[in-house]
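Notes follow once the structure below has been shown.
The values are calculated or read from the model by the stated rules, or taken from the named source; none is laboratory data. The model shown is predicted, which means the values in this text are computed figures rather than measured ones. Because the Cβ atoms are built from the backbone with ideal geometry, glycine has one as well, and the counts that use them run over all protein chains shown.
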Amino acid sequence: MEQKRKLFIGPRLRRLRRELGLTQAGMAEELEVSPSYINLIERNQRPLTADLLLRLAKTYELDIKTFAGDGGEELFDRLAEAFRDPIFQELEITRSDMQELAAGNPVVAEAVATLYKAYRENNLTLTDIQSVGSDEASGTPLEEAWAFIQHHNNYFASLDEAAERIARETGLRDGDGRAALARRFADAHGFEVKILPADIMMGAYRRLDRHRRQLVVSEAMDGASRHFQMALQLVYLELGERLQTIINDLFSGSEAGQRITRTALANYTAGAILMPYDEFRSSAAELMYDVETLGRRFGTSFEQVCHRLTTLQRPGHEGVPFFFLRVDAAGNVSKRYDGGGFPFARYGGSCPLWNVHATFRTPREILTQIIELPGGERFFSIARTVSGGAGGYTAARAERAIALGCPIDHAVDLIYAQSVDLNADNAKPIGVTCRLCDRQDCVARAHPPLHKRLLADDYRRTTAPFAFAFD
């Protein structure tokens, strides 16, 4: 009789635990096993038993297929990404070599993939330091907040669950959202919600007046922004302590970084109230991630929907893994999230060949593009401009562009890719940033790549502004 193959899932169990914000002891208690047993499984020193597999699926509402497979495909993809790097080009590592490593020694394979990710991150950091100076690149409060969000995959289970409860209790999705939120303020907190002219608000979008027991909101904002500001104030009133607990328990950065992170978590939760996880995820799949239609269904803006789409990371109930970028016409990045494995440079703009920069020539029009990084990774992205600020004809506005994208194999789920041949050899070659891009024939290059020897040629001028060697 053929012996059943043992199932080792260490890296995947560790990743699930971290996504849920649990310690080994916390997960062990919920699964009714010992912490040492969880530790042994995560280190692949014990296989996953059928009993524990069923407990995992029941406790965390997972599809049993999430752990029933050997996980080799995901690990192989991460190895393939690493070995596509030009530093390995002379080793001639084959597909079968990678498959043998992933199947035969998954712990070492996981270590290789993790090491490559750290190598790539260090390269990005080195680029940042050389681009903007060591003092600026040493870790700003905003960078600390972005790193914290990234570390937790932009998903916070306790905040999403609290937001779903608030949406359910208020009947937010049953009718007039503004009226539902106003009732919550009145019934639970004794506040009246009033919409006031911009001149009375004196530049504020919202203000909680505890003396008059009023929440006043500026009429200069559109409906989606008003609803969001109401939801955001509700978060601070009802979930402020929970936000601070997350900061105290999980955040280890500066005091300024704590404040920015707390604001980011509050905004996350406000979006989750207006777009409750299960209903929003189901609608996104039904509408094939049509951002504008989702905005109309939930009464939210284009940018709010894009933000929410990057948070659909509930284990076993994930949406498409999106990355997100917001950039101004000068190339300054004001927001980013690298879901789906897209590598952003920490400072400076992105590649000028990416059509997110072309959106400023066609405001409010959605542009699509297949992009390919130097290592061969391909992504599908959409881009569109959005306006920041509020008010009438004379009010100041900030025009920015948003890019939302995903790995190419997920693009089949997007309405924007239905008329696109995703297998055609028509991807736009781009780079993360000029200093990390090894493409020799790029006419848009602004800087030579790091660690490459520049070549001087007195007799020939190529189309590319710099010539360099790979030795």
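For Ala383, the criteria (1) among the aliphatic types (A, V, I, L, M); (2) farther than 23 Å from Gln304 by Cα; (3) not in a loop (DSSP other than H, G, I, E, B) hold in every case but one, which is (2). If you check Asp409 against the conditions, is it surrounded by fewer than 17 Cβ atoms within 10 Å (Cβ to Cβ) and part of a loop (DSSP other than H, G, I, E, B)? Against the criterion (surrounded by fewer than 17 Cβ atoms within 10 Å (Cβ to Cβ) and part of a loop (DSSP other than H, G, I, E, B)), Asp409 does not qualify.
Checked against (1) surrounded by 13 or more Cβ atoms within 10 Å (Cβ to Cβ); (2) modelled with pLDDT of 75 or more; (3) among the hydrophobic types (A, V, I, L, M, F, W, C), Ala102 meets all criteria but (2). Selection over region 214-234 of residues that are in a helix (DSSP H, G or I) and either touching a residue at least 60 places away in the same chain (Cβ under 8 Å) or on the phi > 0 side of the Ramachandran plot (or both) gives a count of 6. Taking the condition closer than 23 Å to Ala224 by Cβ, touching a residue at least 12 places away in the same chain (Cβ under 8 Å) and crowded, with 17+ Cβ neighbours inside 10 Å, does Leu325 pass? Answer is yes for this residue. Looking only at region 413-456, which residues are among the β-branched types (Val, Ile, Thr) and part of a loop (DSSP other than H, G, I, E, B)? Answer for region 413-456, where residues must be among the β-branched types (Val, Ile, Thr) and part of a loop (DSSP other than H, G, I, E, B): Val420, Ile430, Val432, Thr433, Val443.
Of all residues in region 203-213, those satisfying the criterion of being under 34 Å from the mean Cα position of the chain (by Cα) and without any contact (Cβ under 8 Å) to a residue 60 or more places away in the chain are Gly203, Ala204, Arg206, Arg207, Leu208. Summed over region 310-342, the residues that are within 23 Å of Asp278 (Cα to Cα) and polar (S, T, N, Q) give a count of 3. All of (1) modelled with pLDDT under 95; (2) part of a helix (DSSP H, G or I) hold for Arg207 with one exception: (2).
Is it true that Ala358 is farther than 16 Å from Lys335 by Cα and assigned to a loop (DSSP other than H, G, I, E, B)? No: the conditions fail for Ala358.
Against the test of being outside the structural domain of Ala396 (by TED's automatic domain parsing), of a type in the set (Gly, Ala, Ser), within 24 Å of the chain's Cα centre (by Cα) and surrounded by 20 or more Cβ atoms within 10 Å (Cβ to Cβ), the options Gly257, Gly240 yield a single qualifying residue, Gly257.
Which residues, taken from region 7-43, are more than 23 Å from Thr311 (Cβ to Cβ), modelled with pLDDT under 80 and not in a helix (DSSP H, G or I)? Once the filter is applied, which keeps residues that are more than 23 Å from Thr311 (Cβ to Cβ), modelled with pLDDT under 80 and not in a helix (DSSP H, G or I), region 7-43 yields Leu7, Phe8, Ile9. How many residues does region 152-196 contain that are free of Cβ contacts under 8 Å to residues at least 40 places away in the same chain and out of contact with any helix residue (DSSP H, G or I) (no Cβ under 6 Å at 6 or more places or on another chain)? Total satisfying the criteria: 15. For Thr300, are the conditions met, namely being under 17 Å from Phe228 (Cα atoms), among the polar types (S, T, N, Q) and surrounded by fewer than 20 Cβ atoms within 10 Å (Cβ to Cβ)? Here the answer is no, as Thr300 does not meet what is asked.
When Arg226 is tested against (1) touching a helix residue (DSSP H, G or I) at 6+ places or on another chain (Cβ under 9 Å); (2) of a type in the set (Lys, Arg); (3) closer than 24 Å to Phe323 by Cβ, only condition (3) is not met. Looking at Thr311, Thr359, just one residue is crowded, with 22+ Cβ neighbours inside 10 Å and out of contact with any strand residue (DSSP E or B) (no Cβ under 6 Å at 6 or more places or on another chain), and that residue is Thr311. Please verify whether region 138-152 includes one or more residues that are assigned to a loop (DSSP other than H, G, I, E, B) and surrounded by 16 or more Cβ atoms within 10 Å (Cβ to Cβ). Scanning region 138-152 turns up at least one residue that is assigned to a loop (DSSP other than H, G, I, E, B) and surrounded by 16 or more Cβ atoms within 10 Å (Cβ to Cβ). Of all residues in region 350-388, those being free of Cβ contacts under 8 Å to residues at least 24 places away in the same chain and among the aliphatic types (A, V, I, L, M) number 1.
So, Val291, is that one in the same structural domain as Ser381 (by TED's automatic domain parsing) and buried (at least 19 other Cβ atoms within 10 Å of the Cβ) or not?
Criteria not met by Val291.
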